[in-house]
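Below is one structure; the comments refer to it alone.
The values are calculated or read from the model by the stated rules, or taken from the named source; none is laboratory data. Keep in mind that what you see is a predicted model, and the values were worked out from it rather than measured. No Cβ is skipped: glycine too gets one built from the backbone with ideal geometry, and neighbour counts run over all protein chains shown.
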Amino acid sequence: MLLCGCYLYAENWPAWRGGLGVGKSTEKDFPDQWNRKLNVKWKIALPERGNSSPVVWGTRVFVTQALQTQGLRQLWCIDRRSGKTIWKKSVKHTDKELTHRTNPFCSASPVTDGKHVVVSYASAGIHCYDFNGRELWHRELGDQTHIWGNGSSPVIHQDLCFLNFGPGSKTFLVALNMQDGKTVWRHDEKGGDSGIALKGEKGNWVGSWSTPILIDGNNGDELLMSYPNRLVAFDPVKGKITWSCRGLNPLVYTSPLYEDGLVVAMGGFRGTAMAVRAGGRGDVTGSHRLWTRLKEKQRIGSGVLVGGHIYILNEDGVAQCIEARKGRGIWEERLRGPGGNGKSWSSMVSAGGKLYAINQSGDVFILRASPRYQLLGVNSLGEQTQSSMAFSNGEIFIRTYNHLWCISQKP
């Protein structure tokens, strides 16, 4: 069973996409209206842009921040009550590392279990701190080399920390001991090249930026990972593949979705989508795959699976609702806000029967989580963002290129 501490406290948002990694909050009564002045508890200025998302445990908020001009990659610890910085920890890394201009360094989000905070800085290593900012251990996993950079965030489960290291020619899924950072197991994946095409040649566009999730499956706890062309379930303790299902395309940016024994995996560029019944052994493509949808949308942010329906805001700003068991499209709507740039890289969140989706202009759309399309409101901060929102104890935390915001109706 999933006994990691981060799954026992609904008020915390301990990892990218929350405690279970699927973008769901069990809470209600989050703010429905805000702007740059209304319902802003605090905001703090950020020195450079960044794509990582904040995580929350108790009275502390953690966020990563790159200072590219200084060659620093940082973890910030912030008091959620006041917005004041408690401590910052820096790692110096001046070696050249590839990334895309839209994907600054430190794009992976932190993860915490209430005692430890783990951050992945790609080529600058993975680092574990306690809540006072004391480094407990770090590991150098090698150079991460891809022209689009990295984005997968670490995941904590009991006494293990998992990380999808890649994409690129060096691609692997690793489990590290939370006490000392030593490798417990490692699964090497074929991967692809760095995305750099030689003159006159076409690049090998393949790779996964997905963050794995943990589920309580028929075979016990399972670690689900979306790879190019397939979905894979691992035994999280031993690292052995339990089952796999074919049907994805070669580029994968989103994380798997899960609800009531059903797994949904979605690809990126010209992305396919598929639903799989969890469980089985070996290749379950013929026995457990329920449907596939081919060559659809460019999906960078992940969706949510709520009440038997998949909801997602695609990169082009078009929101979709898909029936999860049959793969039938229910509605598609373009979400238009005052910011002008309707594209989105951020992942959707479900809370209190509502869906929260943010675009690159900082416009947040609140929708009814229903197969009948209903837009409940639009709130804008007027600042660019590529991050996903964190929801904790009635407050919403939003990271833009300029600020970290705490949105709250509480006094």
statement: The lone condition residue 210 fails out of (1) under 19 Å from the mean Cα position of the chain (by Cα); (2) at pLDDT below 95 is (2)
query: For residue 319, all conditions in the list (1) under 22 Å from residue 102 (Cβ atoms); (2) buried (at least 24 other Cβ atoms within 10 Å of the Cβ) hold save one; what is the number of the exception?
result: (2)
query: If you check every pair at least six apart or on different chains, which have Cβ atoms under 9 Å apart with a residue in region 77-94 that is closer than 21 Å to residue 127 by Cβ first and a residue that is acidic (Asp, Glu) and modelled with pLDDT of 95 or more second?
result: 85/79; 86/79; 89/135
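Can you tell me which residue within region 72-90, out of those that are touching a strand residue (DSSP E or B) at 6+ places or on another chain (Cβ under 6 Å) and small (Gly, Ala, Ser), is surrounded by the most Cβ atoms within 10 Å (Cβ to Cβ)?
Going through region 72-90, the residues touching a strand residue (DSSP E or B) at 6+ places or on another chain (Cβ under 6 Å) turn out to be 72-80, 83, 85-90.
Applying the additional criterion that residues be small (Gly, Ala, Ser) yields 83, 90.
Details: 83: 17, 90: 13.
Only one residue fits best here, namely 83.
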query: Are there any pairs, at least 6 apart or on different chains, whose C-beta atoms fall under 8 Å, with the first in region 291-311 and without any contact (Cβ under 8 Å) to a residue 24 or more places away in the chain and more than 12 Å from residue 355 (Cβ to Cβ) and the second in a loop (DSSP other than H, G, I, E, B) and hydroxyl-bearing (Ser, Thr, Tyr), and if so, which?
result: 294/272
statement: Here the qualifying pairs (Cβ atoms under 7 Å; residues six or more apart or on different chains; first in region 383-408 and over 19 Å from residue 342 (Cβ atoms) and in contact (Cβ under 8 Å) with a residue 40 or more places away in the chain; second acidic (Asp, Glu) and not in a loop (DSSP other than H, G, I, E, B)) come out as 406/395; 407/395; 408/395
- request: State the number of residues belonging to region 331-352 that are at positive phi and either in contact (Cβ under 8 Å) with a residue 60 or more places away in the chain or not in a loop (DSSP other than H, G, I, E, B) (or both).
  value: 1
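Inside region 307-338, can you point out the residues that are of a type in the set (Gly, Ala, Ser) and under 21 Å from residue 30 (Cβ atoms)?
307, 319, 337
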task: Would you mention how many residues in region 390-411 are in a strand (DSSP E or B) and hydroxyl-bearing (Ser, Thr, Tyr)?
output: 1
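Which one of these is under 21 Å from residue 364 (Cβ atoms), over 15 Å from the mean Cα position of the chain (by Cα), assigned to a loop (DSSP other than H, G, I, E, B) and modelled with pLDDT under 95: 94, 102? Write out each step before concluding.
Working: 94 fails: under 21 Å from residue 364 (Cβ atoms).
Sole residue among the options that is under 21 Å from residue 364 (Cβ atoms), over 15 Å from the mean Cα position of the chain (by Cα), assigned to a loop (DSSP other than H, G, I, E, B) and modelled with pLDDT under 95: 102.
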query: Quick check: is even one residue across region 214-228 at negative phi and touching a Cys at 6+ places or on another chain (Cβ under 9 Å)?
result: yes
query: Could you count how many residues in region 228-237 are surrounded by fewer than 24 Cβ atoms within 10 Å (Cβ to Cβ) and assigned to a strand (DSSP E or B)?
result: 2
